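Student: Structure provided below as structure tokens; questions to follow.
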Amino acid sequence: MAVSKTHPTERIRAAYAGGIRVFGENRVQEFSGKADSLLDLVEAEWHMIGHLQSNKAAKAAELFAAVDSLDSVKLADRLNAAAEQENKKIPVLIEMNVGGEESKSGVPPETRDLEDLLQSVPRFAALEFRGLMTVPPFSDDAQGARPYFRRLRELRDSIARRKLPGISMEVLSMGMSHDFEVAVEEGSTCVRVGTAIFGERPKP
Ligand SMILES: *Cc1c(COP(=O)(O)O)cnc(C)c1O
């Protein structure tokens, strides 16, 4: 996945021309400003990968093909309602906060929150639960992320073994520009690469 957040549509077009079809954006507001001028990229698949506030769920359901950062029952409720309205099914990944960092979104693994979300899945008929996503704590050394990637994979495996209704666990979204090789070694099926494709992001 090419993470195109902050980059202008010309750069996205260049990536598309180069063969990229799956893109990640992290803000509803920003992407809604770009989406209209990218409608002709008919094969592009836009994923929401940033923190999504429940009050923006409806807009996200309209704009994105998938939400890879689902992190609460409340958001799932809103997204499910919006997907039903739009008459579509939205693939989602559960974002896990594997490092338990205060500053990060995602479900902390050591709480009841994950279990609550998993148990609620049968009521979200318009969402397709496909796997897990994480952004590990930052470390300069890519190897520092390995234990977190491994943890996400083990979590995925343990959920998959339970064969819960409505939940498939084939996607493991982990790894960014500086650590994607390690993520792939640990079983990633989707790396989210921004800087290594588009260059440094403009400073806000
Ligand atoms: C920005 C971002 C990325 C890409 O980061 P790079 O280091 O530029 O590759 C990946 N995942 C998420 C959730 C992001 O917000």
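Student: Which value, in Å², gives the accessible area per residue of the stretch 1-155 when a 1.4 Å probe is used on the protein heavy atoms?
Tutor: 47 Å²
Student: Could you grab the relative contact order for the stretch 60-116? Cα pairs under 8 Å, six or more apart, rounded to a whole percent.
Tutor: Dividing the mean separation by the residue count of the stretch 60-116 yields 34 percent.
Student: Here's another thing I want to ask about it. So which of Lys74/Lys203; Lys34/Lys74; Lys5/Lys88; Lys89/Lys203; Lys59/Lys203 end up more than 30 Å apart by C-alpha?
Tutor: Lys74/Lys203; Lys89/Lys203
Student: Evaluate E = 1/(1 + (r/R0)^6) for Ile197 and Leu39, where r is the Cβ-Cβ distance and R0 equals 35 Å; express this FRET efficiency to the nearest 0.05.
Tutor: Rounded to the nearest 0.05, the efficiency is 0.95.
Student: Taking a quarter of the surface of the Cα convex hull of the stretch 2-198, what do you get in nm²? Could you put the intermediate results ahead of the total?
Tutor: Working: hull surface 42.7 nm².
The orientation-averaged projected area of the Cα hull of the stretch 2-198 comes to 10.7 nm².
Student: How do 1-10, 44-53, 26-35 rank on mean C-beta neighbours within 10 Å, highest first? Intermediate results must be reported in sequence, preceding the final value.
Tutor: Values: 1-10: 18.6, 44-53: 20.3, 26-35: 16.0.
In decreasing order of mean packing, 1-10, 44-53, 26-35 become 44-53, 1-10, 26-35.
Student: Going through the stretch 60-148, which GluC sites (Glu not before Pro) have at most 14 other Cβ atoms within 10 Å and a DSSP loop state?
Tutor: Loop-located and lightly packed - Glu86, Glu101, Glu102, Glu110.
Student: Determine, from the Cβ-Cβ distance of Ser158 and Gln119 and an R0 of 22 Å, the FRET efficiency 1/(1 + (r/R0)^6), rounded to the nearest 0.05.
Tutor: My answer for the efficiency is 0.90.
Student: In addition: Mind checking the stretch 139-204 for trypsin sites (Lys or Arg not before Pro) that DSSP puts in a loop (not H, G, I, E or B) and that have at most 13 other Cβ atoms within 10 Å? Provide the component values of the computation, followed by the final result.
Tutor: Details: sites: Arg150, Arg151, Arg153, Arg156, Arg161, Arg162, Lys163, Arg192; in loops: Arg162, Lys163, Arg192.
Hits after loop and neighbour filter: Arg162, Lys163.
Student: Over the chain, what is the mean sequence separation of C-alpha contacts under 8 Å (at least six apart), divided by residue count, expressed as relative contact order in percent? Numbers along the way, then the final one.
Tutor: Values: 383 pairs, mean separation 35.7, N = 204.
After rounding, I find 17 percent.
Student: Would you kindly find the accessible area of Ser105, with a 1.4 Å probe and non-protein molecules such as ligands, DNA and RNA excluded, rounding to the nearest 10 Å²?
Tutor: About 30 Å², rounded to the nearest 10.
Student: Looking at the stretch 118-175, which chymotrypsin sites (Phe, Trp or Tyr not before Pro) are in a loop (DSSP not H, G, I, E or B) and have at most 15 other Cβ atoms within 10 Å?
Tutor: Hits after loop and neighbour filter: Phe138.
Student: At a 1.4 Å probe radius, carbon and sulfur cover how many percent of the accessible area of the stretch 85-204?
Tutor: Within the stretch 85-204, the accessible surface is 50 percent carbon and sulfur.
The values are calculated or read from the model by the stated rules, or taken from the named source; none is laboratory data. Remember, it's a predicted structure, so these values are computed and weren't measured experimentally. Please note: Cβ atoms are built from the backbone with ideal geometry, for glycine as well, and neighbour counts cover all protein chains shown. Remember, those area values only see protein heavy atoms, side chains included, never the ligands or the DNA or RNA. Shrake-Rupley method; radii C 1.70, N 1.55, O 1.52, S 1.80 Å.
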